[in-house]
Amino acid sequence: MSEPHALLDGGIDVGTHGEIGRRIDAIVDGWRSDPRLVHVEQLDGRPGRIEAPNLPLHPLVAERIGDRPLWSHQARAIDQVRAGHSVVVTTSTSSGKSLCYQVPAVEAALTRRGTSLMLFPTKALAHDQLRALSEWGSPGVVAATYDGDCTPQERTWVRSNADVVLTNPEMLHGGILANHARWADFLHRLELVVVDELHVLRGVFGTHVAQVLRRLRRLAARYGSSPRFVFTSATIDEPAQLASQLCGLAVRTISLDGSPSGPRTVVVWNPRLASEPGPPRASVHHESAEIAAHLVTAGLRTLVFCRSRRASEVLAGEIRRRVAAGSPDGATPAETVRSYRAGYLADERREIEAALSDGTLDCVVATTALELGVDIGGLDAVVLSGHPGTTSSFWQQVGRSGRGRRPSLAVLVAGHDQLDQWMARHPAQLLGRDPERAVVNLDNPDVFVPHLACAAQEHPLRTTDRALWPDQLDEGVRQLVLSDRAAVRRRHGERLAVWTGRGLPAPTIRLRSSAADETRIVDRDRRLIGTVGSDRATTVVHPGAVYLHQGQPWKVLDLDLDDGSAVVEAADGATYTTTRSATSFRILDVTATRPIGAALLGLGTVEITDEVLGYETRDVSTHEVLERTALELPPSQLVTRAVWYRFGDALVASADVADGDLPGALHAFEHAAIGILPLFTICDRWDVGGVSTAWSLEARGATVVIHDAHPGGAGIAELAFAVSEDHVAATAQLIEECPCEDGCPSCVQSPKCGSGNEPLHKEAARRLLRATLLGCASAGDRLAAS
């Protein structure tokens, strides 16, 4: 049995921590008279809970850990893995989740020569963990990274020598599984598979990774092993369900956090809306820079999160300027404020991380690169320049400050879009709502059929593989046979599906997209800049488009759809482009329908046809339209999953929506519903699309369609169907509460609208949704209460 829990204060330095707490209190007190401060929440800290595992640690492991205690969740995870179970650990940021898999991995190597495979979503995270494992200095345990930066000689050495291989899903898919014979000994000894940052494995990417992990389990069994899985994740809804969908095994949840935490003050800051009277509203970045500079000047080491790479550079420069202006001598070393984002060289990232840890830096402005588990030491304050899109990411970013029992401050500066404004008006929901679910779609044929092709190439498919693909194997083999990529053979009385296609199928699959084909983005010298799914090429890289790649703007000179290439040249970044398009839909298959209030909700497969008619060139600073250009491009088709709302004639009449106002009402509902959908699932507005019409022959009424933006669907439509009452109620509340009169980006306007946000009728949408929800008891009660 485990030893009784012991409480530990985390080594709190009362003097230092008391001073930080007093500074935070003084700053917040100084803001209380500012109308932009809309909420302050004080969150209590907690002591650490120490626990020993059921069985003693291996002597070498115990020696390396030394006097460092095991928190209760670490001990429980180690016990579960030792007992042969797969687990998902969902404790807070900086709670020591890595130790939950490091200990079993090192013990397996020391006692049984067992191997471990660790998967990280980025190369930077893999290298961070390699350094952490190297610091153990355990003799007889060899850890190595295996990624695209390895030379052929290094890859050979890793295969032959490593007990612990740290890599990413792409390298597992194309480098290990496709060449599994070279990895036979490693796979034969495979005991542990670690999947870090589970919460990012959602949608299309997560759907692909689920297939890759099934192929891994299949080949491991062929070589005689049956590994356990350890997932780590930020807090999400039903993490064990997602982990089980990814690996195909039962997974146990470790969620009770035993690590210590300090008191945290959370501030919600809402700049005045453009629709409100007064001087022009400052941008979210301007206000974030003002707040961050104030915190740095007050002596708080501060981390600022923003949504784009370009914004990180702009914000860092503005904070430097403001800190210099407020310093006694009128200047501050530029090195004390830095930006941190993907695209930096590894040495640059390591330098910034080290400077954060040793206190050299006062402020770092980062994209989500610092959200994903990179160890940066303790900070005093975090500023979120806009809500990150999900409750999970919000707490992940907030948790970056306040290591151990150290007091900390977090400030959310709300942006002007729908989700930010909803959170600013409902801070109790921001701080108290349950985290969202992350979803995948195992039944997407655009994903599982290509991976079954890979599986057939790796080893002939047989009926026993239904254990891994119970609902997909027969359909997948049928499609492979019909496309001449596989043939059914009979060997020793057993029917096998054998790969007969040309070459290797693995290189044709991109794990972060479900599109079968891609368009290459190249410069004039044909140097590859990036790629985009061919289904999105006419929208993203049409002639004249400004395309952003790693924060660098490029202007598209030519798009050759037959050749699958777009030629670009560097742009100055002074303008951006938005497309104008015509979109229509066909309902191909109806999976389910049910009433939602007075409307009818449907779920099924749709075909979305999108024709780009032209584009607008706009000024980056003022958003003024500088030019409108017509285009003649072929329409693109997307077959995907969707939900649709049908509003009958009687409902429209009861809402007093005139025929001429109906298209604008439906369009406004479409935009607001898409903008608020991340309240219920981990996604953003670019993961979904929408189309509305005052009359659909197939739906037989006024219809709004909200669809997955990826071929075959990523599971978002199914979740939207399940939470539709709450989703529509939140959409109605968003429109009701926005103070603008005719619609704005905080309620019914969308930055990705192909028709230039025309027509929109906010008031008609409000009446239509109110009439709809009055027939839905729980949602109607919530709306009436608002």
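Computed from the coordinates by the stated procedures, all read-outs in this text should not be read as laboratory data. Computed from a predicted model, the values in this text were never measured in an experiment. A quick note on method: Cβ atoms are made from the backbone with ideal geometry, for glycine too, and the neighbour counts reach across all protein chains shown.
At what distance in angstrom do the alpha carbon centres of region 20-59 and region 103-138 lie from each other?
Here the two parts' Cα centres lie 31 Å apart.
From the backbone phi of region 577-583, what are the Karplus-calculated ³J(HN,Hα) couplings (6.51 cos²θ - 1.76 cosθ + 1.60, θ = phi - 60°) in whole Hz, Gly and Pro given as x?
Using θ = phi - 60°, the values come out as 10, 10, 7, 10, 9, 10, 10 Hz.
Taking every pair of Cα atoms in region 502-631, average 1/r, invert it to obtain the Kirkwood radius, and report Rg/Rh to two decimals.
1.08
How fast does region 59-205 diffuse by Stokes-Einstein, in µm²/s, taking the Kirkwood radius from C-alpha pairs at 4 °C and 1.567 mPa s?
Estimated via Stokes-Einstein, D reaches 82 µm²/s.
State, to one decimal in nm, how far the label point of D684 lies from the label point of D558, with both points 7 Å from Cα in the Cβ direction.
With each label placed 7 Å out from Cα toward Cβ, I get 3.3 nm.
Would you mind estimating how fast region 674-757 diffuses translationally, via Stokes-Einstein at 20 °C and 1.002 mPa s with the Kirkwood radius over Cα pairs, in µm²/s?
Reported coefficient: 153 µm²/s.
Determine, from the Cβ-Cβ distance of N179 and R466 and an R0 of 30 Å, the FRET efficiency 1/(1 + (r/R0)^6), rounded to the nearest 0.05.
0.70
For region 662-771, what relative contact order do you get, as a whole percent, if you take Cα pairs closer than 8 Å and at least 6 residues apart?
Reported relative contact order: 36 percent.
Would you work out the charge dipole size for region 409-488 about its Cα centre, treating the Cβ of every Lys and Arg as +1 and the Cβ of every Asp and Glu as -1, and quote it to the nearest 20 debye?
I would put it at about 140 debye.
Viscosity 1.306 mPa s, temperature 10 °C: what is the translational diffusion coefficient of region 622-710 from Stokes-Einstein with a Kirkwood Rh over Cα pairs, rounded to a whole number of µm²/s?
It comes out at roughly 105 µm²/s.
List the residues of region 442-457 whose backbone N lies under 16 Å from a point placed 7 Å from the Cα of R478 along the Cα-to-Cβ direction.
443-446, 448-450
Taking the Cβ-Cβ separation of R524 and Q241 as r and a Förster radius of 60 Å, what is the calculated FRET efficiency to the nearest 0.05?
Working from the Cβ atoms, E equals 0.75.
Enumerate the aspartates and glutamates that K97 could reach by cross-link, defined here as Cα to Cα under 16 Å, with residues fewer than 8 away along the same chain left out.
The reachable aspartates and glutamates, counting only those whose Cα sits under 16 Å from K97, are E51, D79, D128, D196, E197, D257, E371, D375.
If amide hydrogens are placed 1.01 Å from N in the peptide plane, which non-local residues have theirs closer than 5 Å to the one on A234?
Close amide H contacts, sequence-distant or interchain: L198, H199.
Taking amide H positions as placed in the peptide plane 1.01 Å from N, state which residues far from A486 in sequence (5 or more) or on other chains have amide H under 5 Å from it.
Here the answer is V481, T500, since their amide H atoms fall under 5 Å of that of A486.
Amide H neighbours of I521 under 5 Å, at least 5 residues apart or on other chains, H built in the peptide plane: list them.
Under 5 Å from the amide H of I521 lie the amide H atoms of I529, G530, T531, V532, A566, each far enough along the sequence or on another chain.
Between H492 and D434, what is 0.36 nm times their sequence separation minus the Cα-Cα distance? Round to one decimal in nm.
Answer, rounded to one decimal: 15.5 nm.
Net charge near A438, counting Lys/Arg +1 and Asp/Glu -1 over other residues with Cβ under 12 Å of its Cβ?
-3
Estimate the FRET efficiency between E19 and E569 by the formula 1/(1 + (r/R0)^6), using the beta-carbon distance for r and 60 Å for R0, to the nearest 0.05.
0.65
Find the relative contact order for region 637-721 and round it to a whole percent, using C-alpha pairs within less than 8 Å whose residues are 6+ positions apart.
Relative contact order here is 44 percent.
Between beta-carbons, use under 14 Å as the cut-off and find the net charge around E191, counting Lys and Arg +1, Asp and Glu -1.
Taking every other residue near E191 into account, the sum is +3.
When the chain is fully extended, how far beyond the present Cα-Cα distance does D656 get from L256, taking 0.36 nm per residue of separation?
Gain on extension, D656 to L256, equals 138.9 nm.
Counting only the backbone N, which residues of region 626-655 are under 16 Å from the spot 7 Å out from the Cα of E698 toward its beta-carbon?
Inside the label zone: 636-647.
By how many nm would the segment from E632 to D358 grow when fully extended, if each residue of separation counts as 0.36 nm and the alpha-carbon distance is taken off?
The E632-D358 span can extend by a further 93.0 nm.
Each residue of region 595-603 in turn: what ³J(HN,Hα) in whole Hz from Karplus with 6.51, -1.76, 1.60 and θ = phi - 60°, glycine and Pro shown as x?
Couplings: x, 10, x, 8, 9, 10, 10, x, 9 Hz.
Straight-line reach from K752: which lysines fall under 25 Å, measuring Cα to Cα and dropping same-chain residues less than 8 apart?
K555, K762
Suppose each label sits 7 Å from its Cα in the direction of the beta carbon; what would the H549-R586 distance come out to in nanometres?
In this crude label model, H549 to R586 measures out at 3.5 nm.
From the phi of every residue in region 484-495, what ³J(HN,Hα) in whole Hz does the Karplus formula 6.51 cos²θ - 1.76 cosθ + 1.60 yield, where θ is phi - 60° and glycine or proline is x?
Residue by residue, region 484-495 yields 6, 9, 8, 9, 8, 10, 10, 10, 6, x, 10, 8 Hz.
So how far, in whole Å, is the C-alpha centre of region 300-329 from the one of region 481-555?
Computed from Cα coordinates, the inter-centre distance equals 40 Å.
Defining a contact as two alpha carbons under 8 Å apart and six or more residues distant in sequence, what relative contact order in percent does region 379-538 show?
15 percent
Mind sorting out which of (i) -0.38, -0.52, -0.87, -1.28; (ii) -0.40, -0.55, -0.94, -1.42; (iii) -0.66, -0.74, -1.00, -1.18 is the real log10 I(q)/I(0) by the Debye sum over Cα atoms at q = 0.06, 0.07, 0.09, 0.11 Å⁻¹ computed from the coordinates?
Among (i) -0.38, -0.52, -0.87, -1.28; (ii) -0.40, -0.55, -0.94, -1.42; (iii) -0.66, -0.74, -1.00, -1.18, the one calculated here is (ii).
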